[in-house]
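J.: Quick one: structure below, then a few questions.
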Amino acid sequence: MNMKRLRRLYRRGSAKLLSYLPGTNYVDGIPHGLTFDELDELCRSYVDDSLKSVSYCPLSGWKKSAAFRLVLRTESGNKWSVIYKNAHYARDLIPALKRFPISPGPPEYVIYSEDPVKIRQYLPGIYMHRELTPCMHYRYLMEDLSTHHRPARNGKDILSVASRLPELHSKIMECDHDHNEEWFITYDRDAMSSLKTYIFEGIERYAKHSNSSRVYGLYDNWEKICRLYDEKNDYVGLNTKIHGDSNLANIFIDKTNSRNIKFIDWEWAGIGLPHQDLASLLKRTQPAIEDAALEIYSIIYGVLSLTEHKRIYEICQLERGLLDCAFLANQVADTTDDTNIDITSYIEDSALRATRAFYRLDGLSQHS
């Protein structure tokens with residue numbers, strides 16, 4: 001990213017008072033992994049001002065890998081809000097990654113470090129990117145999107161994002177990622193086979209040690225679920241580069257122009273069905289919004305009929321629900337850490353979404 005653009009991002013961020021920033025649990029100091037001198041150099045390089053003080057608040061949930069909002073106060077009295085992400089994907093820090101056949105993290109480093117021109121409009125500004133341990137530990141300083149953007153949250157936002165996904169996928173495919181193409185996750189037949197084993201083990205562990213009828217229902221119908229899930233292999237010809245985790249928490253809308261959309265957390269980016277991003281986007285929406293988004297997407301994407309789009313979407317929604325359920329189930333089973341998040345409710349929600357997709361697919365099969 002050029003210096004002119006970074007200076008512009010700073011001016012935009014410093015124009016806002018702290019009262020506009022989400023969160024109130026700020027503490028004075030600097031989070032682990034950063035130094036005062038490092039942040040002072042950032043201020044001197046980009047805004048020709050020296051750093052006076054720093055405060056921060058945590059943004060992470062149950063993950064050990066941490067994200068923070070930093071407020072940098074300069075000697076001249078300006079306030080600059082930036083995001084610091086200290087992403088660590090070690091198995092001992094995220095128990096759910098034990099035996100997990102896919103390695104998240106490297107795709108995001110490729111996206112943020114190479115700053116591909118084709119998708120720059122969809123990315124936050126990146127001030128610093130650093131790989132500490134290859135394929136495992138990364139640190140970033142980036143634009144605080146909350147200054148001029150808001151989280152995607154309503155039906156109108158969802159429909160707008162759904163209409164832009166085909167363009168996003170096309171732009172990512174146009175990017176030249178030099179020699180780091182292999183760092184992207186490949187959601188192919190081999191990955192599916194490994195994921196099925198991981199999902200089943202997670203669901204089985206949770207079903208046998210909980211009273212969840214929803215999770216047990218998935219375990220009880222596993223063979224039939226696998227037959228429907230395996231249909232994903234019939235559509236690999238549609239594979240493209242995808243974000244991989246395009247849920248609403250990772251999408252920000254420009255406050256003054258809703259056509260400007262930003263995506264964060266590219267750690268699951270890879271090669272897969274474009275409907276995987278659609279499934280992430282719609283995984284907790286109302287049926288009416290879900291149907292409308294599918295119709296909009298099918299019109300813009302073209303090629304396939306609405307019925308074909310729905311079937312592929314339901315397969316991806318089944319996969320998304322199963323993965324979320326198993327990942328969090330393994331996290332619960334392999335950690336004793338307390339969190340501020342009710343992971344159990346997320347597991348139940350994920351199991352419900354997978355169950356709904358299963359019955360929809362089963363119904364479509366019986367009537368096809």
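J.: Name the one entry in THR147, THR133 that is polar (S, T, N, Q) and closer than 21 Å to ARG69 by Cβ.
T.: Within the list THR147, THR133, the selection yields THR147.
J.: Based on this model, can you work out whether SER350 counts as touching a Cys at 6+ places or on another chain (Cβ under 8 Å), in the same structural domain as ASN233 (by TED's automatic domain parsing) and not hydrophobic (A, V, I, L, M, F, W, C)?
T.: For SER350, the condition - touching a Cys at 6+ places or on another chain (Cβ under 8 Å), in the same structural domain as ASN233 (by TED's automatic domain parsing) and not hydrophobic (A, V, I, L, M, F, W, C) - is met.
J.: Same structure again: Out of (1) on the phi < 0 side of the Ramachandran plot; (2) without any contact (Cβ under 8 Å) to a residue 24 or more places away in the chain, the odd one out for ALA333 is which?
T.: (2)
J.: Does region 243-264 contain at least one residue that is touching a Gly at 6+ places or on another chain (Cβ under 6 Å), closer than 25 Å to TYR89 by Cβ and not aliphatic (A, V, I, L, M)?
T.: Within region 243-264 (the criterion being touching a Gly at 6+ places or on another chain (Cβ under 6 Å), closer than 25 Å to TYR89 by Cβ and not aliphatic (A, V, I, L, M)), the answer is yes, since at least one residue qualifies.
J.: Out of everything in region 261-297 that is of a type in the set (S, T, N, Q) and modelled with pLDDT of 95 or more, what residue ends up being nearest to LYS85 (Cα to Cα)?
T.: Selected residue: SER280.
J.: How many of the residues making up region 286-310 are in a helix (DSSP H, G or I) and either surrounded by 16 or more Cβ atoms within 10 Å (Cβ to Cβ) or of a type in the set (Ser, Thr, Tyr) (or both)?
T.: Total satisfying the criteria: 12.
J.: Quick one: which residue in MET142, MET128 is buried (at least 19 other Cβ atoms within 10 Å of the Cβ), hydrophobic (A, V, I, L, M, F, W, C) and either over 30 Å from PRO287 (Cα atoms) or in the same structural domain as TYR84 (by TED's automatic domain parsing) (or both)?
T.: After ruling out the rest, the residue left standing is MET142.
J.: From the list GLU314, GLU319, pick out the single residue that is buried (at least 18 other Cβ atoms within 10 Å of the Cβ) and over 18 Å from ILE158 (Cβ atoms).
T.: GLU319
J.: Got at least one residue in region 240-261 being closer than 30 Å to LYS98 by Cβ and in contact with a Leu (Cβ under 6 Å, 6 or more places away or on another chain)?
T.: Within region 240-261, one or more residues are closer than 30 Å to LYS98 by Cβ and in contact with a Leu (Cβ under 6 Å, 6 or more places away or on another chain).
J.: When you go through (1) touching a residue at least 12 places away in the same chain (Cβ under 8 Å); (2) closer than 17 Å to GLY321 by Cβ one by one for ASN233, which number turns out not to apply?
T.: (2)
J.: Here is a check on your reading of the model: is TYR122 farther than 25 Å from LEU282 by Cβ, surrounded by 18 or more Cβ atoms within 10 Å (Cβ to Cβ) and not assigned by TED's automatic domain parsing to the domain that holds GLY270?
T.: no
J.: Ok, one more. Consider SER60 carefully, then state whether it is crowded, with 17+ Cβ neighbours inside 10 Å and among the hydroxyl-bearing types (Ser, Thr, Tyr).
T.: no
The values are calculated or read from the model by the stated rules, or taken from the named source; none is laboratory data. Since we're looking at a predicted model, the values are computed, not measured. With ideal geometry, Cβ positions are generated from the backbone for all residues, glycine too; neighbour counts draw on all protein chains shown.
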